[in-house]
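S.K.: Could you have a look at this structure, given as structure tokens, before my questions?
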Amino acid sequence: MKQEYLMSIPDEDVLVAYRQEGEGKKNFVYFHGAQDSMESFWQCLAPLIPKNEYRLTAFNYPGSGDSPRRVHGRHSIEWLAEVAWKLLTILNVRSACLYGVSLGGFVAAELAKKHPRDVEAMALQGVFSSSDELCALSKKIDFVRNKLREWPKFSFVSLESFLEVRKLTR
């Protein structure tokens with residue numbers, strides 16, 4: 001197993017487990033679902049992404065996987081996006097392709113809403129919404145929705161398509 005690290009997030013009183021691989025110039029960040037952890041990314045999706053082109057980053061939300069639970073306060077999508085943003089800032093991850101599954105899709109979208117210039121592309125899987133806010137966000141970012149047909153089967157061609165669709169529409 002590759003090395004995981006724990007990062008203390010300033011002003012949040014939490015530790016976040018994360019892992020990075022790859023030497024590429026482009027950044028790819030994975031946001032896991034509510035009952036999941038970053039391990040599913042490393043086992044299933046990461047092997048499909050060319051590590052000579054991408055620097056891959058995945059992390060566990062506080063209370064998920066190897067990240068200790070937050071002692072006080074409530075978790076919210078906004079708070080998880082802020083924790084993610086602070087971690088990515090510390091790790092110097094900018095202009096990234098975001099890939100969010102279920103809850104992770106909402107967290108990724110919230111991060112993109114607050115920091116659209118630092119998002120090159122975004123794919124959301126298992127996210128349902130007809131909100132005007134998400135539609136407005138899609139005008140700023142090449143929004144690839146449901147590129148993977150079914151989570152258990154994976155559509156490898158769809159992931160490759162996502163990796164090809166990554167320019168920002170500003």
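The values are calculated or read from the model by the stated rules, or taken from the named source; none is laboratory data. Note that the coordinates shown come from a computational prediction; the quantities given were computed from them, not determined experimentally. Here the Cβ is made from the backbone with ideal geometry for all residues, glycine too, and neighbour counts use every protein chain on show. These area figures cover heavy atoms from the full protein model, side chains too; ligands, DNA and RNA do not enter into them. Shrake-Rupley method; radii C 1.70, N 1.55, O 1.52, S 1.80 Å.
S.K.: Residues being open to solvent by 10 Å² or more (accessible area, probe 1.4 Å) and in a strand (DSSP E or B): count how many of those fall in segment 46-55. Outline the logic, then answer.
M.R.: Within segment 46-55, the subset open to solvent by 10 Å² or more (accessible area, probe 1.4 Å) is 47-48, 50-53, 55.
This time we only want the ones that are in a strand (DSSP E or B), so: 55.
Number satisfying all stated conditions: 1.
S.K.: Let me ask something else about it. So which of V101, V119, V127, V107 is hydrophobic (A, V, I, L, M, F, W, C) and within 20 Å of M7 (Cα to Cα)? Don't jump to the end; show me each part of the working.
M.R.: Values: V101 fails: within 20 Å of M7 (Cα to Cα); V119 fails: within 20 Å of M7 (Cα to Cα); V127 fails: within 20 Å of M7 (Cα to Cα).
Sole residue among the options that is hydrophobic (A, V, I, L, M, F, W, C) and within 20 Å of M7 (Cα to Cα): V107.
S.K.: A further question follows. Quickly run through segment 92-124 and pick out the residues that are in a loop (DSSP other than H, G, I, E, B) and of a type in the set (A, V, I, L, M). Talk me through it step by step, then tell me what you get.
M.R.: Within segment 92-124, the subset in a loop (DSSP other than H, G, I, E, B) is 92-95, 102, 115.
Once the filter is applied, which keeps residues that are in a loop (DSSP other than H, G, I, E, B) and of a type in the set (A, V, I, L, M), segment 92-124 yields only V93.
S.K.: Count, please, the residues in segment 80-99 that happen to be of a type outside the set (S, T, N, Q) and without any contact (Cβ under 8 Å) to a residue 60 or more places away in the chain.
M.R.: The first filter runs over segment 80-99 and keeps only residues of a type outside the set (S, T, N, Q), leaving 80-88, 90-91, 93-94, 96-99.
Next cut, without any contact (Cβ under 8 Å) to a residue 60 or more places away in the chain only: 80-81, 84-85, 88.
So the count comes out to 5.
S.K.: Anything in segment 18-58 that is small (G, A, S) and within 14 Å of the chain's Cα centre (by Cα)? List them, or say none. Outline the logic, then answer.
M.R.: Let us first name the residues in segment 18-58 that are small (G, A, S), namely 22, 24, 33-34, 37, 40, 46, 58.
Those that are small (G, A, S) and within 14 Å of the chain's Cα centre (by Cα): G33, A34, S37, S40, A46, A58.
S.K.: Moving to a separate point now. Pull up segment 56-91, narrow it to residues that are surrounded by fewer than 17 Cβ atoms within 10 Å (Cβ to Cβ), of a type in the set (D, E, K, R) and in a loop (DSSP other than H, G, I, E, B), then point me to the one that is modelled with the lowest pLDDT.
M.R.: For segment 56-91, the residue satisfying everything is R74.
S.K.: Ok, one more. Across segment 30-39, what is the number of residues that are in contact (Cβ under 8 Å) with a residue 40 or more places away in the chain and not charged (D, E, K, R)?
M.R.: Going through segment 30-39, the residues in contact (Cβ under 8 Å) with a residue 40 or more places away in the chain turn out to be 30-34, 36.
Next, from what is left, pick out any that are not charged (D, E, K, R): 30-34.
Total satisfying the criteria: 5.
S.K.: OK, next. Give me the residue from segment 92-111 that is farther than 15 Å from L124 by Cα and at pLDDT below 90 and, out of that set, least open to solvent (accessible area, probe 1.4 Å).
M.R.: Step one: filter segment 92-111 for residues farther than 15 Å from L124 by Cα, giving 92-95.
Subsequent filtering for residues that are at pLDDT below 90 retains 94-95.
On the way: R94: 89, S95: 55 Å².
Per the criteria, the residue is S95.
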